[in-house]
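One structure below.
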Amino acid sequence: MVLSTRHLLGIKYIQASDIQLILETADNFKEVLNRPIKKVPSLRDITIANLFFENSTRTRLSFELAEKRLSADVVNFSASSSSVKKGETLLDTVNNILAMKVDMIVMRHPLPGAPVFLQKHIDAQIINAGDGTHEHPTQALLDCYSLKEKFGELKGLNVAIVGDISHSRVALSNIFALNKMGANVKVCGPPTLIPKGIEQLGIEVSFNLRETLKWADAVNMLRIQLERQDKKYFPSLREYSNMFGLNERLLASLNKELVIMHPGPINRGVEISSEVADSDQAIILDQVENGVAVRMAILYLLARRNDE
């Protein structure tokens, strides 16, 4: 099987069969990562440029490690130390990099739709590593992989996404991915942080955290994206934490085994307490580990798709 697309621009643009293929391929690469020698020659003749126009730690390092584990040649680009600071356009920046014979681009950009715009103008394959408040497809895929690893399958699973839904690209990509794989999704947060009409995506909306957690098999706790907010959406972080934060007392009162996820970075004491983040019910570090295997699978499958 091959992917239905040359690029990974967003979960919205791929099929359920693509997701299934990526998850199955990630199983093989996770086995590779557990070997004494963790490197394979799959992308030995491929050059990949990591273009990050926004700050990133986990995603950038995860991609770089995945690329090196596949034996690709890697070029890292940071906008903060580039000609972008001098006014160079996105297209000029990318074309200059492509002139150096780059085959694939992994890009994070603050503007929604930037990867879609780019793929219309260049020949290289593009992987969206996050575009503004739009999508973060590889995070959703590693979240799905982590849930599948924990529960065996995604179909029929009740998954809650709690927090700043309006400004979260992780939320939107997870909604698309979980829906396509047959899971049930419910979002929860303050009314000011949940977009109007989001129910049209085939999900439920709740403003009550306790009721949401009682319904859920797994919960993905999102941080408040203060850097993307242009006004106050709630009175204070303390009040937000009291209403929508997951702490040890609330978790114990549910009297159930709830799988807890977080895409990072964690704001401990706001959306989640340290005790919960570090508990046996949290699979947050599993998500980080799985991210490398899933991104290896995506890079490998896209490179193979390009050879077809």
| message | Return the pair list, or none, for Cβ contacts closer than 7 Å from residues in region 174-193 that are of a type in the set (Val, Ile, Thr) to residues that are part of a helix (DSSP H, G or I) and modelled with pLDDT of 95 or more, at least 6 apart or on different chains. | response | 175/201; 185/175; 185/178; 185/179; 187/171; 187/198
| task | For region 25-46, state whether one or more residues are at pLDDT 95 or above and under 16 Å from the mean Cα position of the chain (by Cα). | result | yes
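Mind checking which residues of region 117-133 are modelled with pLDDT of 95 or more and surrounded by fewer than 24 Cβ atoms within 10 Å (Cβ to Cβ)?
The first filter runs over region 117-133 and keeps only residues modelled with pLDDT of 95 or more, leaving 125-131.
Passing the criteria: 125, 126, 127.
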| query | Are any residues in region 176-194 surrounded by fewer than 15 Cβ atoms within 10 Å (Cβ to Cβ) and in a loop (DSSP other than H, G, I, E, B), and if so, which ones? | reply | 182
| message | Which numbered condition in (1) of a type in the set (Gly, Ala, Ser); (2) in a loop (DSSP other than H, G, I, E, B); (3) within 17 Å of the chain's Cα centre (by Cα); (4) at pLDDT 95 or above is the only one that residue 264 fails? | response | (4)
| Is it true that some residue in region 58-65 is under 24 Å from the mean Cα position of the chain (by Cα) and part of a strand (DSSP E or B)? | no
| said: Suppose we keep only residues that are among the β-branched types (Val, Ile, Thr) and part of a strand (DSSP E or B) within region 91-116. Which one would you say is surrounded by the most Cβ atoms within 10 Å (Cβ to Cβ)? | reply: 106
| Could you say whether any residue in region 241-257 is in contact with a Pro (Cβ under 8 Å, 6 or more places away or on another chain), more than 30 Å from residue 103 (Cα to Cα) and either part of a helix (DSSP H, G or I) or without any contact (Cβ under 8 Å) to a residue 40 or more places away in the chain (or both)? | yes
| request: Go through region 200-246 and give me each residue that's at pLDDT 95 or above and of a type in the set (Val, Ile, Thr). | output: 203, 205, 212, 219
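The values are calculated or read from the model by the stated rules, or taken from the named source; none is laboratory data. Note that the structure is a prediction, hence the values are computed from the model and not measured. Every residue, glycine as well, gets a Cβ built from its backbone with ideal geometry; the counts of neighbours run over all protein chains shown.
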